[in-house]
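Below you'll find the structure, written out as structure tokens, and then a few comments.
The values are calculated or read from the model by the stated rules, or taken from the named source; none is laboratory data. In this text, all values refer to a predicted model and were calculated from it rather than measured experimentally. Virtual Cβ from ideal backbone geometry, glycine too; neighbours counted across all protein chains shown. When the accessible area is computed, the model is the full protein with side chains, heavy atoms only, and any ligands, DNA or RNA have been set aside. Shrake-Rupley method; radii C 1.70, N 1.55, O 1.52, S 1.80 Å.
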Amino acid sequence: MAAIQGSARTMAIFPPGQGTSTILGEVIRRARTSSVRVQGLFVVLDPVACCDADDFREEMERRIREAIFEQLLMGYWDEAFYGTRRQKLFQLFNAPNETPLIDLRYQLQQSDLTAVQAGRVKLTAISDSYANRLAELYATLYTQIGLSTTLIMDFPYRADEDVVSTAFREVKWFDENDKGDGFPVAAFSEAYFLTREQADIAYTVWQRDYNTVEFPPYNEAEVFAILAAHFRPKSGGREVPLGAVFSQDFVKRAWAEGRPLEEMIEAIRKDMLHALDIDPGRIQYMLVPRD
């Protein structure tokens, strides 16, 4: 959080498949708590999701706009602002007062899927009023309402070189062509969650003064701790520590420094099934790997 809020552009670099989603989820959770909420909006974008569209830039901007307006609506910002800032927020939604925002919010929270879909159509229409005006939207949010916007691009570790290159080319274009000379620097910041290999590709597209935060790979003890936190075996109806029934040798056999966590877990799962492939009466209380 400190790195993202203290820099115009941040790279958070992770080993492939080791902790990106967990850290990002915690960053967003903290960003949206009441203690830091007034500092701005946080938009998370998966660049891979934009690749199926005919126009990557158009799809990326559409998703960003919709995420911004949805946060403004569902974050109850109309209740947080007073005076001029509140009126400017209503103007963004082309609403005379808070009633249309309350009605739309209620519609999106219905259990009726038809009503929700109709609400999303309305929200899309509102966000489309800023089509091809994303830089203006950022600037308006900052100068008129006092909200900065942070765009976080979350690159899946399997995202290929073309996805990374395309995304950074679009960001470069936005910075060099759309912002303009009068764009307020504090209105917009960027953060990228990616692997070292993806970061190297990004640098070839656009060499900038990124504030870099690099996370080390999980060690064996950390992988076991992750398993212990998520799996709580029971014996005789009572919860017991994972270490009491599951040998750490499973982790030792699956662990490798650059190996994605899901691949380690799958290797452990297969090893456990292999170890269980014996007469049930011979299964040890402490399950150990079997060659």
Report P(r) for the chain: all Cα-Cα distances, bin width 5 Å, range 0 to the bin holding the largest distance, values in whole percent. 1, 5, 10, 13, 14, 13, 11, 9, 8, 7, 5, 3, 2, 1, 0, 0
Write down the percent of antiparallel bridges among all DSSP beta bridges whose residues are both part of the chain, to the nearest 5. 10
Between ILE265 and ASP200, how high is the FRET efficiency from 1/(1 + (r/R0)^6) when r is the Cβ-Cβ distance and R₀ = 30 Å? Nearest 0.05. 0.65
Solvent-accessible ranking of ARG62, ARG158, largest area first, probe 1.4 Å: ARG158, ARG62
Can you count the Lys pairs in the chain whose Cα atoms are under 26 Å apart, with each pair 8 or more apart or on different chains? 5
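Starting from the stretch 186-281, pick out the trypsin sites (Lys or Arg not before Pro) whose DSSP state is loop and whose Cβ has at most 16 other Cβ atoms within 10 Å.
Working: sites: ARG196, ARG208, LYS234, ARG238, LYS252, ARG253, ARG269, LYS270; in loops: ARG208.
When the trypsin sites (Lys or Arg not before Pro) of the stretch 186-281 are filtered for loop state and at most 16 Cβ neighbours within 10 Å, ARG208 remain.
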For the full complex of protein chains and a 1.4 angstrom probe, list PHE231, PHE183, PHE168 by accessible area with the highest value first. PHE231, PHE183, PHE168
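Before rounding to the nearest 500, sum -39500 (n - 2.57) across all DSSP H runs of length at least 4 in the chain and divide by the residue total; then give [θ] at 222 nm in deg cm²/dmol. Please report the intermediate quantities before stating the final value.
Working: 13 runs with 136 residues, N = 291.
The helix contribution divided over the chain gives -14000 deg cm²/dmol.
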In bins 10 Å wide, starting from 0, what share of all Cα pairs of the stretch 220-276 does each bin hold, as a percent? 22, 55, 21, 2
What is the set of long-range amide H partners of ASN211 at a cut-off below 5 Å, with H atoms built 1.01 Å from backbone N? ARG9, THR10, MET11
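Go through ASP175, ASP112, ASP162 and list them by solvent-accessible area, largest first, probe radius 1.4 Å.
Numbers: ASP175 40, ASP112 80, ASP162 110 Å².
Descending accessible area places them as ASP162, ASP112, ASP175.
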